[in-house]
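**Q** What follows is a single structure, and I will ask about it in a moment.
What follows is calculated from the coordinates using simple rules that are stated; it is not laboratory data. Here the structure is a predicted model, which means the values were calculated and not measured. In this analysis, Cβ positions are derived from the backbone assuming ideal geometry, glycine residues included, and neighbour counts consider all displayed protein chains.
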Amino acid sequence: MTASLSFVNTPSQALKGKQHAVLVASQRALKAGVWKKVFSGDWTAVLTKLVKDAEPGRLGSVVTTYTGGESPRKVSLIVLPNTLSRHLSASRAIAVEASARKLSLGNATKAGVIFCLDKAEHYVAVGNAFGRAFPLYHRKSKASKKVAISLAAIDSKGASIKAPAIVGQTTAAGRWAASLVDMPASELDAAAFEREAKKGLKGIKGVKVTSIVGAALLKAGCGGIHGVGRAAKSAPRLLICEAGPKSAKRTVAIVGKGVVYDTGGLNIKTGGGMYGMKCDMGGGAAVLGAFKVLAQQSPKDRIYCLVPLAENAISEEAYRPDDVLDMHSGKTVEINNTDAEGRLLLADAVSYASRKLKADVVIDAATLTGAQLLATGKRHASVVSNRAGLEATALKAGLTSGDEVAALPFAPEIYQAEFSSAVADMRNSVKDRANAQTSCAGQFVYSHMQDTGKAWLHIDLAGPAMPGRRATGYGVALVSEVVQSLTASALKK
C-alpha cells in the first residue's frame, strides 16, 4: 500500500467523505469520552463497549468496527498508554508508530485520522511517527493500492488544533529520507543521491546546492572521502547544501555519513554482514531531510548541510589496510580496517565545515557503529558532545521530536589512545573493541576538528535508522529540533 498524507485543521475536514476513520488517543482520553467529539450517530453505540474494553498494552492497540454506512464504513481506535517511561517522549510517538504499523485500512482509498494530543507541541512527533508506518519506496511488480490520508488533531476536550506547516514538512521530509535509505545502491549511488537532493530541495527559496567530486576532493584536501570512494563506479563527492542569510550571527553545519553501500572494502563483510548495507547513508538522509525542514522555516542562522558520499567498493583502486590517507584536518590516518570507513568521511566533512565554512557548531549524524545498538538499542540513538549544554539540548530535542537519544561518555583523554599508530597521526579503528566503541568512533571524528574549539555533537543512529527491514527516517525530526532550539549558552558550556 502506498499512501499520501495531508494535514488539515479540523476533524470534519479530515473525515469528510472518508471510508475509514481513525482516532488516536490515550486510554484516559477515550474513557473520558473524547471520541464523542469526533463521532456521532446511532452506530456509535458500539464504540462505548469498545472503549470500555480496550486495553493499550505496552505500546498501544488497535480496535476496529464497521458502522453499517458508507462514510465512514469502518472506524478504528488506536488506544495509547496513558503514560510512558521517562526516557520515552511524552507525546507517545513510539506507541503511535507501533500501533499505526498494525492498522489495517482494508480496501479504503480515502481515510481520515484524528490525533488527540495532550499538548499542541506534540503534533510534530506524533505526525512524524504515524507517517513512518507508510513508507514511500516500493518496487513490487504488482501495483499497490493507493490511499489518501487526511490528518487532523484535537485536544483532550475535543477542540481542534491547527496544523502548523512544520508538522507536514517534518513528516514529509522524514518519509523522503526513509525512501532514500530504502533504495538499493543500484538506484542510489553517490551521483544519484546528489540528484535526489537537488530534486527534493528544488524551489525552496535561498537554497544552494554544490558538490566537490572525484579528484577535486584531493585538491580540497579531503583524502578520507576520496580514499573510501575511489574504487566505485560513481565518483565520491562532498555534497554541500546551504540556506539562511550570509550575514547571520551564527553558522550551523549538519553533517551526515553518506556511504551509499558498504561492502566493508578489502576487509570485506562476511557471513551475511553485507546484507542491508544500503542503509549506511542513513545519517546523510537524515541531515538532508532536516536541512529541507530548516530551509522551509526561513532560518535566522546560516545553515550548511554536508553529506560526504561514497560507495565502499572493491577494485584495484580500493584503499588498503596499511595505506595512509591525508585528511582535510592536516592529520594522517593509517588504515587498519577498511570497514571503519564512515568515520573517514565524517572526519573530512566536519573539518571542512569548521575550517572552510567557519561553522560555530557542527552536528554529525551517522550509522557509524554496530556497537551503538549494544549501547542504547534500536530506538535510542547515542549522542556524544564536547559541550554539556549541547548534549542537554539533544536529550531534550529527542523527547520533543520523538526521536529519542541517550548520552554516552565524552573523554578524549581515554579514547584517543585507541587510535595510536606507529607511522601516522592515528589509525582509523580501535585497538580494544571492548572499550566504548561508539564513544571512540565519535572521538575519531572529533579529533579532526578538536583544535578549532568549535561546539560539536555526534549522533550515532545505526539502530533507529533501520531497526527492521524498512527505514524510519529517524534523525530528521531530531536534528531539525536540535538546530531550532540551539542557544548561545548551550554552545559555551
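**Q** Mind ranking 356-363, 101-108, 277-284 by how tightly packed they are, going by the mean number of other C-beta atoms within 10 angstrom, highest first?
**A** The packing order, highest mean first, is 277-284, 356-363, 101-108.
**Q** Find the percent of Cα-Cα distances in region 2-163 that exceed 18 Å, and round it to a whole number.
**A** 56 percent
**Q** What does the convex hull of the Cα atoms come to per residue for region 180-255, in Å³?
**A** Hull volume normalised by residue count: 113 Å³.
**Q** How do V209, V259 line up, fewest other C-beta atoms within 10 Å first?
**A** Starting with the residue having the fewest Cβ neighbours, the order is V209, V259.
**Q** Three principal axis extents, largest first, for the C-alpha atoms of region 102-216, in Å?
**A** If we take the Cα atoms of region 102-216, the spans are 61, 40, 21 Å.
**Q** So, one more: How would you rank 426-439, 294-307, highest first, on the average number of other Cβ atoms within 10 Å across their residues?
**A** Answer by packing, highest mean first, reads 294-307, 426-439.
**Q** In debye, nearest 20: dipole of region 2-163 around its Cα centre with unit charges on the Cβ of K, R (+) and D, E (-)?
**A** With Lys and Arg at +1 and Asp and Glu at -1, about 400 debye.
**Q** Turning to a different aspect of this structure: Compare the peptides 16-22, 93-99 by average per-residue count of other Cβ atoms within 10 angstrom and give them in order, highest first.
**A** Ranking the peptides 16-22, 93-99 by packing returns 93-99, 16-22.
**Q** Which value in deg cm²/dmol, rounded to the nearest 500, describes the helix-derived mean residue ellipticity at 222 nm for the chain, given -39,500 (n - 2.57) per DSSP H run of n ≥ 4 and division by the residue count?
**A** After summing the helix terms and dividing by the residues of the chain, the value is -9000 deg cm²/dmol.
**Q** Continuing with this model, one more query. Which entry is the computed semi-axes √(5λ) of the Cα gyration tensor in Å for this structure: (1) 33, 31, 21; (2) 42, 22, 20; (3) 74, 22, 19?
**A** Working out semi-axes √(5λ) of the Cα gyration tensor in Å from the coordinates points to (2).
**Q** In percent, what relative contact order does region 170-492 have, based on Cα pairs under 8 Å that are 6 or more apart in sequence?
**A** Relative contact order here is 23 percent.
**Q** Output needed: Cys residues of the chain lacking any neighbouring Cys C-beta below 4.7 Å, sorted by number.
**A** Within the chain, the cysteines lacking a partner Cβ under 4.7 Å are C116, C222, C279, C440.
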